[in-house]
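The values are calculated or read from the model by the stated rules, or taken from the named source; none is laboratory data. This is a predicted model, so every value here is computed, not measured. Here the Cβ positions follow ideal geometry from the backbone for every residue, glycine too, while neighbour counts run over all protein chains shown. These area figures cover heavy atoms from the full protein model, side chains too; ligands, DNA and RNA do not enter into them. Shrake-Rupley method; radii C 1.70, N 1.55, O 1.52, S 1.80 Å.
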Amino acid sequence: MTASPTPADLEKLAIDIAREAGALARRRREEGVHIAATKSALADIVTEADREVEALIRGRLAHERPDDGFFGEESGAEPGTSRVTWVVDPIDGTVNYAYGIPSYAVSVAAVEGEPDPTRWRALAGAVYAPALGELFHASLGGGAWLRAGDAEPRRLAVAAHAPDAGALLATGFGYDPATHAGDLARVERVMPLARDIRRIGSAALDLSYVAAGRLDGYFERGLNPWDHAAGALIVEEAGGRVGGLPGGRPGTALTIAAGAELFGRLDEAIDGR
Ligand code: LIP
């Protein structure tokens with residue numbers, strides 16, 4: 001009976017697979033991207049590369065961790081017999097990817113328990129942006145790190161508090177135009193806290209940038225579990241806080257991430273308190 005994997009073991013595998021998957025995504029981008037279908041709305045596209053990259057990740061995990069569960073954006077969920085489930089977004093920032101904007105990432109997370117973001121415990125995560133040459137990763141209790149090029153891994157820490165000029169915040173807007181009015185109203189409620197807003201187009205990178213202190217905070221409605229599974233752990237291991245509706249976990253209704261001081265103010269502003 002092999003011993004249960006440690007979070008560090010799972011992190012190492014997540015890094016290795018994210019790198020291989022990211023290299024494939026980048027090759028396919030350079031060869032030319034083909035839209036395969038639309039999903040929840042006309043703007044919600046899936047490319048052939050999304051499907052091919054998720055198949056690569058699924059195949060690697062089936063070989064390395066055959067008893068684990070899988071929960072991927074493009075091929076759905078398959079329960080395992082171990083305590084671990086892999087939550088995967090093969091290309092987060094799909095629209096950026098299709099347009100040739102380099103802000104896209106492979107997001108690979110290992111969670112313990114049900115593949116339900118309100119119940120799982122994240123154990124390890126890796127977010128790899130191949131066109132930008134940056135890999136963000138974390139394991140439970142092991143800290144959050146950035147690997148870039150040949151440099152030594154750099155330990156990440158969230159911004160302790162927003163500057164007097166105001167917080168640099170990121171957000172996003174859903175694929176369904178019917179949700180845009182509500183999203184814009186949320187931005188209006190938050191704007192008094194902000195020096196400026198960024199719309200990067202990849203939740204996994206938004207969350208990784210909060211962990212790195214490149215953003216003071218991030219908030220978005222409409223995320224899927226695979227969008228935030230890895231990035232949320234990276235923020236928490238960088239000393240930040242991640243949540244959703246008041247007192248809740250991150251989820252489709254709302255995801256908020258920031259250092260503790262700003263998190264409370266963001267939570268109140270978004271909720272209109
Ligand atoms: C995307 C998220 C982004 C959000 C987009 C989309 P996808 O995920 O990462 O933050 O604003 O609407 O949901 O679809 O590229 O995997």
Self-check item: Mean Cα-pair separation over length for the chain, i.e. relative contact order, pairs under 8 Å, 6 or more apart, %
Solution: 17 percent
Practice problem: Describe numerically, in nm with one decimal, the distance between label points set 7 Å from Cα along Cα→Cβ at Ala55 and at Glu152. | Solution: 4.3 nm
Self-check item: Dipole in debye (nearest 20) - the chain, about Cα centre, beta carbon charges: Lys, Arg +1; Asp, Glu -1
Solution: 360 debye
Quiz item: When the chain is fully extended, how far beyond the present Cα-Cα distance does Ala178 get from Asp164, taking 0.36 nm per residue of separation?
Solution: 1.5 nm
Exercise. Could you give the C-alpha radius of gyration of region 7-155 expressed as a fraction of 2.2 N^0.38 Å, taking N as the number of residues it contains?
Key: 1.01
Self-check item: ³J(HN,Hα), Karplus 6.51/-1.76/1.60, whole Hz, each residue of region 68-83, x for Gly, Pro
Solution: 7, x, 9, 9, x, 4, 9, 10, x, 10, 9, x, x, 10, 8, 7
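Summarise the accessible area of region 67-172 (1.4 Å probe, protein heavy atoms) by the percent that is carbon and sulfur. All intermediate terms of the calculation are to be shown ahead of the outcome.
Working: 2060 of 4180 Å².
Within region 67-172, the accessible surface is 49 percent carbon and sulfur.
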Practice problem: Rounding to the nearest 20 debye, state how big the charge dipole of region 7-155 is about its Cα centre with +1 on each Lys and Arg Cβ and -1 on each Asp and Glu Cβ. | Solution: 280 debye
Self-check item: Dipole of the chain [Lys/Arg +1, Asp/Glu -1 at C-beta], most positive-end residue of Ala185, Val95, Val84
Solution: Ala185
Quiz item: Using only the Cα atoms, what convex hull volume per residue in Å³ does region 167-271 have?
Solution: 83 Å³
Quiz item: Using 7 Å Cα-to-Cβ label points, what is the Asp44/Asp271 separation (nm, one decimal)?
Solution: 2.8 nm
Self-check item: Hz values of 3J(HN,Hα) by residue in region 177-189 - Karplus curve (6.51, -1.76, 1.60), Gly and Pro given as x
Solution: x, 5, 8, 5, 4, x, 5, 5, 5, 5, 4, 4, 5
Quiz item: Going by alpha carbons, how many degrees (0 to 90, nearest 10) lie between the helix axis of 48-64 and the longest principal axis of the chain?
Solution: 60 degrees
Quiz item: Of all the Cα-Cα pairs you can form in the chain, what percent are over 32 Å apart?
Solution: 18 percent
Practice problem: Measure nothing fancy, just the Cα-based angle from helix 7-31's long axis to the longest principal axis of the chain, in degrees from 0 to 90, nearest 10. | Solution: 90 degrees
Practice problem: Let me have the 222 nm mean residue ellipticity of the chain computed from DSSP H runs of 4+ only, each contributing -39500 (n - 2.57), with the sum over all residues rounded to the nearest 500. | Solution: -10500 deg cm²/dmol
Quiz item: Karplus couplings for region 243-254 from phi (6.51 cos²θ - 1.76 cosθ + 1.60, θ = phi - 60°), rounded to Hz, Gly and Pro as x?
Solution: x, x, 4, x, x, x, 8, x, x, 4, 5, 5
Quiz item: Counting only residues 5 or more places away or on other chains, whose amide H sits under 5 Å from the amide H of Arg249 once H atoms are built in the peptide plane?
Solution: Gly244
Practice problem: Go through Ala110, Gly240, Gly32 and say which Cα lies farthest out towards the positive end of the charge dipole of the chain; charges sit on Cβ, +1 for Lys and Arg, -1 for Asp and Glu. | Solution: Gly240
Quiz item: So what's the net charge close to Asp150: Lys and Arg +1, Asp and Glu -1, counting the other residues with Cβ under 15 Å from its Cβ?
Solution: +1
Quiz prompt | Extreme residue, positive dipole direction of region 167-271, given options Gly264, Thr252, Leu207 (C-beta unit charges) | solution = Leu207
